[in-house]
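First comes the structure, then the notes that go with it.
The values are calculated or read from the model by the stated rules, or taken from the named source; none is laboratory data. Note that the structure is predicted; figures quoted are calculated from it, not measured. Every residue, glycine as well, gets a Cβ built from its backbone with ideal geometry; the counts of neighbours run over all protein chains shown. These accessible areas exclude ligands, DNA and RNA; they are computed on the full protein's heavy atoms, side chains included. Shrake-Rupley method; radii C 1.70, N 1.55, O 1.52, S 1.80 Å.
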There are 2 protein chains.
Amino acid sequence: MVRQSAGGFRWEGVDLLPYKEDGTIFKSVTRQTLFDGGHDLPVQFRYFEVGQDGHSTLERHEHAHVVMVIRGGGHVLVGEEITEIGLHDIVQIPPMTWHQFRANRGEELGFLCIVAKERDRPQRPGPAEVETLSENAAVGAFIRV
Amino acid sequence: MVRQSAGGFRWEGVDLLPYKEDGTIFKSVTRQTLFDGGHDLPVQFRYFEVGQDGHSTLERHEHAHVVMVIRGGGHVLVGEEITEIGLHDIVQIPPMTWHQFRANRGEELGFLCIVAKERDRPQRPGPAEVETLSENAAVGAFIRV
């Protein structure tokens, strides 16, 4: 039993961690690991919160994500598609698909994320890949790198 | 992208199914499968909703559950422990542990559930097991069989 703390979106006994600790480009994102794999479930269940006007890292990787928004909203880039997301919307990130979350709707963006416990490291775009992505003007205007 | 429908707790293109179709003892429970496994995620992500005064089946199985409440509240039995649960509380059901959810707080109880896609069939208690469970008076008063 992991109880949500009074005030919400924090869980008792769960550390509030920086999104990443590797110097990657992101802004105002926190991470809490709610389930760290076990029994026949080789997955982690995490809660991320992107503060208002913040964004996650633009990245891709072999592993997939299943995401559900549970607080606020914003937009997400998946491949070349930019979609507005809000409460309880679900986003699947397929393997090797560029993706970035932005809390650009005047509020925070908090989401659950299911991911394999054993997984590859995310890749960030190099200058050539940013140029290719930006050939789509909407994507170029959206991404933060 | 699977968008929550207007009104909430339904998802576009996702069937609203009976909880079980096997004649098991339950009351007022619906099921929606939000992610059916894929890529490196051998898990399903489901939403169950127990209507006010309803309950899930009392059962146990080798597979584990990770559950998060996202609507209303109630109580859950896990082993011999009965716990009140509400918004964003997380419940882990370990293997071979009797469990039952009840929406007994004057509102519905809606929860997300992560489960392995390949899993064993649930077991229901026989009369001897119900008797053993009921040696704990609180458990005996709680369970619905």
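Taking the criterion of being at negative phi, of a type outside the set (D, E) and more than 14 Å from chain A (Cβ to nearest Cβ), the residues of the range B:104-120 that qualify are B:N104, B:R105, B:L109.
All of A:Q100, A:Q123, A:Q92 fail the test of being out of contact with any helix residue (DSSP H, G or I) (no Cβ under 6 Å at 6 or more places or on another chain), within 25 Å of B:A116 (Cβ to Cβ) and of a type outside the set (A, V, I, L, M), apart from A:Q92. Within the range B:132-145, restricting attention to residues that are in a loop (DSSP other than H, G, I, E, B) and surrounded by 12 or more Cβ atoms within 10 Å (Cβ to Cβ), the residue that is modelled with the lowest pLDDT is B:V145.
Only residues that are in a strand (DSSP E or B) and open to solvent by 10 Å² or more (accessible area, probe 1.4 Å) were counted in the range B:112-131, giving 1.
The condition of being of a type in the set (A, V, I, L, M), over 13 Å from the mean Cα position of the chain (by Cα) and closer than 20 Å to A:L34 by Cα holds for only one of B:L87, B:L133, B:L112, that being B:L87. Within the range A:96-103, identify whether any single residue is under 13 Å from the mean Cα position of the chain (by Cα), assigned to a strand (DSSP E or B) and within 14 Å of another protein chain (Cβ to nearest Cβ), and answer yes or no. Yes: one or more hits.
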